[in-house]
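The values are calculated or read from the model by the stated rules, or taken from the named source; none is laboratory data. Quick caveat, the model's predicted, so the values are computed rather than measured. So basically every Cβ, Gly included, is an ideal-geometry build from the backbone, and we count neighbours across all protein chains shown.
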Amino acid sequence: MPDLLIELFSEEIPARMQTRAAEDLKARVTDGLVEAGLTYAGAAAFSTPRRLALTLSGLTASSPAQREERKGPRTDAPEKAIEGFLRGAGVAREDLEVRDEKKGQVYYATIIRPGRDADVIVAEVLEAVIRGFPWPKSMRWGSGTLRWVRPLHSILCILTDDAGEAHVVDLDVDGITAGNTTEGHRFMAPGRFAVSSFDDYAAKLKKRHVVLDAAERADAIWQDATNQAFAAGLEVVKDRGLLAEVAGLVEWPVVLMGTIDEAFLGLPPEVLQTSMKEHQKFFSVRNAKTGRIERFVTVANRETTDDGATILAGNQKVLFARLSDAKFFWENDLRLVQERGLEGMAAGLANVTFHNKLGSQADRIERIAALAREIAPMVGAKPDLAAEAARVAKADLQSEMVGEFPELQGLMGRYYAEAAGHNDGVPEACEEHYKPLGPGDAVPSAPVSVAVALADKIDTLTGFWAIDEKPTGSKDPYALRRAALGVIRLLVENGSSMQVTKLTKIWLENHDEACQKAKMASQEAQKRLDETMPDSPMETHERIAIATFQQDIARRYGELGDDLLAFFHDRLKVYLRDQGVRHDVIDACIAMEGNDDLALLVKRATALSDFLKTEDGGNLLQGFKRANNILSQAEDNDGVEYSFGADVKFSETDEERALFNALKDAAPRIDTALKSEDFAAVMSALANLRAPIDAFFEAVQVNAENQVVRRNRLNMLGQIRKIGLSAADLTRIEG
């Protein structure tokens, strides 16, 4: 079985596209070969700045012959129909076979397709892949029609047999003819050379200063960088994204460590790190004792006779200019903060539109501050501190530093807040109120930070709901799903109990245009009524108007609050499913009263999920369902509800009396546990009911002939249903 080697050699491919391009090449070529009837033992794809490579081992030498039987028209069908079938099947009339079927004699054609050699199929598939390659961006060059990410120079495509003999696949794409040659490093080993197999290809590339495997390049960079930093008593700041990007910029990585001018060491380390990463793709080297960024690591693409001294000198010259800009921004921002305070820095946000229907950033800050003041007591923060933090939390959006490096928003706010003399959690809130930004991001726990973070996200959600800008399908331009998940994590992971519908109502009362109009109209009608007939008991048009306006406000609260709560529940299902809680368990808890307290809802769902995974939980659920089914059927037939307390004096068996006593004992324990929100204790009390319920159903026939006994037993089942439904709507649990 031959091995296949493909290389597509071009000008430099952007680093961000290389990994995906290698995966696409592998997937599209292998899928095309398999679809054409070839199989293979293994495949691997590689990328460097100048090439995509793919190797397949154990490729079959040819596709198998295929035999297909195709049913045609009846023998007495019109001649044109028969001729059409012959053309479609590609056979002559004398090759047709006549078979007897229920509706008469029918023509059948046997079509035999011979197998094809692998090189023919490879050429066909590879040309299609090259012409239709899914680059995010592509270009044309010269007079050809081929599109590629950068000009494509050559195609290497060879099949190597078991004896080691290689032959070139016959392929031509827009004048680029496949061959068995490639090039080494652009500067250190220019010129073409021939290869005969993948092993020969990889070895000759490395000899010519090209490391084919991106992971190998990344490992070499990290190893060398950390060794050099360790030798200087420092450490390299980890950055996986930057490491992957730099590995995609070089074919022969040469790690060099340089120094940062003393004038810039006083800048915040995050500023140094961001500036060097964004502008020059440098790794930051930190002093672990002081936390300062003192040096940098750059990766060159070649070895030089002066061991990189010239490269380092040039990089340090550019770095000096970049960091001079950063220092200028930092000092200017600090001067503004010291002169005008953070609120002075934030004044310009009045001229920055947040959304044309929701006002400016300053309007938004005012809303967040008001909401943070309301939330603060619920999370253990001081209202004045929470409002203060909210007023300055977004001031750094007006800073020059954040204007240059938007990713530093929040972090710079903390530095500026500290410089302005804010304390008691306000600086931390400036940095943390954006969090959590994603599933892996940490959740703030400081009370002031939590209050402002919640206010920020709830303002965003309620505001966009109020103007009917909700997510649709996969579209979520304002990241409202992320905001909702942020609210959930802030509440749940901090154990904060609060009703999100209450917060929505507070926002609407103060900021929703429709509610404001209705409220003002109601107040004006009340004022006119008080002035004209303050003591009249009569129903006037003014009283009707007041009631109408109040109904409008209530309707607005209800519609928006219910819809937004449903959105929170959808996000909560995603959050809990990731933690192994089943959808039906979540639905059973959402159906309970108080489902707008998301932290309480999660506690209930988690406890119920854990309980149902136990033997007692599974069996109790079956007992509840059996009791509920019998009870529901009896209530439908009898037209009454069996919800009265059972009386032990009508019990005829020990099992009835045992269940009666167990229910009597469990009810107050469960009520107490529910009031204290101790759902683990609720489930423990339910577990104690498992054995007496099982014994009752084994020994007792509920629908006894004696109607008094039957009613008593049904009322006992009513007690089981009542207790079960107090924990969650167990009727929604499957199986």
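When region 287-342 is examined, which residues are found to be acidic (Asp, Glu) and on the phi < 0 side of the Ramachandran plot? So that I can check it myself, show each step before the final result.
Keep residues of region 287-342 that are acidic (Asp, Glu), which gives 294, 303, 306-307, 325, 331, 333, 339.
Result: Glu294, Glu303, Asp306, Asp325, Glu331, Asp333, Glu339.
So in region 691-735, with the set limited to residues that are within 17 Å of Gly618 (Cα to Cα) and in contact with a Gly (Cβ under 7 Å, 6 or more places away or on another chain), which one is modelled with the lowest pLDDT?
Result: Phe697.
Assess whether Ala189 counts as being over 15 Å from Leu54 (Cα atoms) and not assigned by TED's automatic domain parsing to the domain that holds Ser47.
no
For region 581-645, which helices (runs of 4 or more DSSP H) that fit wholly inside it have 3 or more residues that are in contact (Cβ under 8 Å) with a residue 12 or more places away in the chain and under 15 Å from Ser684 (Cα atoms)?
Passing ranges, in order: 598-612, 615-638.
Restricting to region 9-40, and then to whatever is surrounded by fewer than 16 Cβ atoms within 10 Å (Cβ to Cβ) and within 20 Å of Arg116 (Cβ to Cβ), can you tell me which residue is modelled with the highest pLDDT?
The residue in question is Asp31.
Could you grab me the full set of residues in region 448-462 that are over 14 Å from Ala386 (Cβ atoms) and polar (S, T, N, Q)?
Residues satisfying the conditions are Thr460, Thr462.
Is at least one residue of region 377-398 crowded, with 24+ Cβ neighbours inside 10 Å and farther than 20 Å from Leu349 by Cα?
The answer is yes; a qualifying residue exists.
Residue under question is Arg711, and the condition is that it be in contact with an Asp or Glu (Cβ under 8 Å, 6 or more places away or on another chain), surrounded by 15 or more Cβ atoms within 10 Å (Cβ to Cβ) and more than 30 Å from Ser497 (Cα to Cα); does it hold?
No; evaluated as a whole, the condition is false for this residue.
Name the residue that is surrounded by the most Cβ atoms within 10 Å (Cβ to Cβ), counting only residues in region 105-145 that are of a type in the set (Val, Ile, Thr) and under 30 Å from Thr75 (Cβ atoms).
Restricting attention to region 105-145, the residues satisfying the condition of being of a type in the set (Val, Ile, Thr) are 106, 110-112, 120-122, 125, 129-130, 145.
Remaining after also requiring under 30 Å from Thr75 (Cβ atoms): 106, 110-112.
On the way: Val106: 18, Thr110: 13, Ile111: 14, Ile112: 9.
In this case the residue turns out to be Val106.
Looking at region 711-727, I want the residues that are farther than 15 Å from Leu686 by Cα and have a partner that is assigned to a helix (DSSP H, G or I) with Cβ atoms under 6 Å, at least 6 apart or on another chain. Which pairs are those?
Matching pairs, first to second residue: Asn712/Phe650; Leu714/Ala634.
Considering Lys206, Lys238, which residue is assigned to a loop (DSSP other than H, G, I, E, B) and either surrounded by fewer than 17 Cβ atoms within 10 Å (Cβ to Cβ) or in the same structural domain as Glu303 (by TED's automatic domain parsing) (or both)?
That would be Lys238, the only listed residue that is assigned to a loop (DSSP other than H, G, I, E, B) and either surrounded by fewer than 17 Cβ atoms within 10 Å (Cβ to Cβ) or in the same structural domain as Glu303 (by TED's automatic domain parsing) (or both).
Answer yes if at least one residue in region 51-67 is at pLDDT 90 or above and touching a His at 6+ places or on another chain (Cβ under 9 Å), and no otherwise.
For region 51-67, residues at pLDDT 90 or above and touching a His at 6+ places or on another chain (Cβ under 9 Å): absent.
Could you check region 458-476 and list, in sequence order, the residues that are surrounded by 23 or more Cβ atoms within 10 Å (Cβ to Cβ) and among the acidic types (Asp, Glu)?
Asp459, the sole residue that qualifies.
Do the conditions hold for Leu560, that is, is it in contact (Cβ under 8 Å) with a residue 40 or more places away in the chain, hydrophobic (A, V, I, L, M, F, W, C) and more than 25 Å from Lys613 (Cβ to Cβ)?
Yes.
In region 146-184, which residues are under 41 Å from the mean Cα position of the chain (by Cα), part of a strand (DSSP E or B) and either among the small types (Gly, Ala, Ser) or loosely packed, with under 15 Cβ neighbours inside 10 Å (or both)?
The one that is under 41 Å from the mean Cα position of the chain (by Cα), part of a strand (DSSP E or B) and either among the small types (Gly, Ala, Ser) or loosely packed, with under 15 Cβ neighbours inside 10 Å (or both): Ser154.
So, of the residues in region 466-508 that are assigned to a helix (DSSP H, G or I) and among the charged types (D, E, K, R), which turns out to be modelled with the lowest pLDDT?
Looking at the filtered set, the residue picked out is Lys505.
Being among the small types (Gly, Ala, Ser), touching a helix residue (DSSP H, G or I) at 6+ places or on another chain (Cβ under 9 Å) and buried (at least 21 other Cβ atoms within 10 Å of the Cβ) is true for just one of Ala455, Ala419, Ala446, Ala442. Which residue is that?
None of the others qualify; the one that does is Ala455.
With a cut-off of at least 3 residues that are under 16 Å from Ala386 (Cα atoms) and under 26 Å from the mean Cα position of the chain (by Cα), name the helices (runs of 4 or more DSSP H) lying wholly within region 397-447.
Working: elements: 400-404, 411-419, 426-432.
Passing ranges, in order: 426-432.
Listed residues Glu677, Glu655, Glu698, Glu705; which is within 46 Å of the chain's Cα centre (by Cα) and of a type in the set (Asp, Glu)?
Unique residue meeting the criteria: Glu677.
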